[in-house]
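Here's the structure, in structure tokens; my notes come after.
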Amino acid sequence: MKTILRCDALSKSYVSGGRELRVLDAITFAIEDGGHVAILGPSGSGKTTLLGLLAGLDAPTEGQVELDGQDLGRLPEDDRARLRRDKIGFVFQSFHLLPTLTARENVEVPLELRGQNGRARAMELLDRVGLGDRGHHYPAQLSGGEQQRVALARAFVHRPMVLFADEPTGNLDAQNGQRVIDLMAELNREEGTTLVLVTHDLELAGRARRVIRLAHGKLVEDSAVSAPLAAAAVR
């Protein structure tokens, strides 16, 4: 199986109050194409920082990240931006929809940035997430669960190689959270997109095929999931 994402001895430090704060310490792992990975850990363990480094949104203090064989650290910022545009999708806890665009127009944005007409693909994805009849509504006219489903459709519209999701169910009630979990698993299977999720949601993590757990900036567990994840996994 092809490796789509790899990090080697990845570290990130900041200077705070004249002292070095090491947020991540020598993280190494690889993710196969089409994988479904959950990154777990308590607050302050470095999960979101790791996600930003893997996606090329930030640069490591030490170490290397490769996405689809490209060393992100060797790419100029313009090239990293093009790589994110073409190969990466994002879903966040806050939906980050553009308020002046309709649901359909929000979903079209990644394709429009590539100079493509995205209307048909946007409507296909909105149908897939159960919002085919809501494409003309603006974000303020949608519930939180509906907005997250629009964000999910937008993340998949350009068929990214990798989807990064940071607490995608964090602002949703149990019913809408479960629906988003089901949709992400379905799209992972059918679209073949690699999923890398940061979450505290045991239900969401339990649907992954692999769990990477962080504590105090270090990788402390990297294991396959063969059964629903136990609560001990996030202690």
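Laboratory data are not the source of any read-out in this text; all were calculated from the coordinates shown. Since the structure is predicted, the reported quantities are computational estimates derived from the model, not experimental observations. Cβ atoms come from the backbone with ideal geometry, glycine included; neighbour counts cover every protein chain shown.
A compact table of results
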{"read-out": "Neighbour net charge for R207 - beta-carbon separation under 14 angstrom, K R +1, D E -1", "value": "0"}
{"read-out": "Cα pair distances in segment 99-160, grouped into 5 Å bins until the bin that holds the longest one, percent each", "value": "4, 23, 36, 23, 11, 2, 0"}
{"read-out": "Selection from S143, Q175, G118 lying farthest towards where the dipole of segment 75-215 points positive, charges on Cβ", "value": "G118"}
{"read-out": "Isotropically averaged projected area of segment 1-74, using the convex hull of Cα atoms (one quarter of hull area), nm²", "value": "5.3"}
{"read-out": "The chain - mean residue ellipticity at 222 nm from DSSP helices (-39,500 (n - 2.57) per run, n ≥ 4, rounded to 500)", "value": "-9500 deg cm²/dmol"}
{"read-out": "Contact order relative to length of segment 99-160, as percent, for alpha carbon pairs under 8 angstrom and 6 or more apart", "value": "47"}
{"read-out": "Sites E190 and L21 - FRET efficiency at Förster radius 45 Å, r taken between beta-carbons, to 0.05", "value": "0.60"}
{"read-out": "For segment 103-135 and segment 5-28, distance of Cα centres in Å", "value": "38"}
{"read-out": "Only Lys, Arg (+1) and Asp, Glu (-1) charged, at Cβ; segment 99-160 dipole about Cα centre in debye", "value": "180"}
{"read-out": "Protection-proxy order for peptides 162-169, 76-83, each taking the mean of Cβ atoms within 10 Å per residue, highest first", "value": "162-169, 76-83"}
{"read-out": "Segment 123-198 shape via C-alpha gyration tensor axes, a/c threshold 1.5", "value": "oblate"}
{"read-out": "Within straight-line cross-link reach of K2, lysines at Cα separation under 23 Å, skipping those fewer than 8 residues along the same chain", "value": "K87"}
{"read-out": "Compactness of the chain as Cα Rg over 2.2 N^0.38 Å, two decimals", "value": "1.00"}
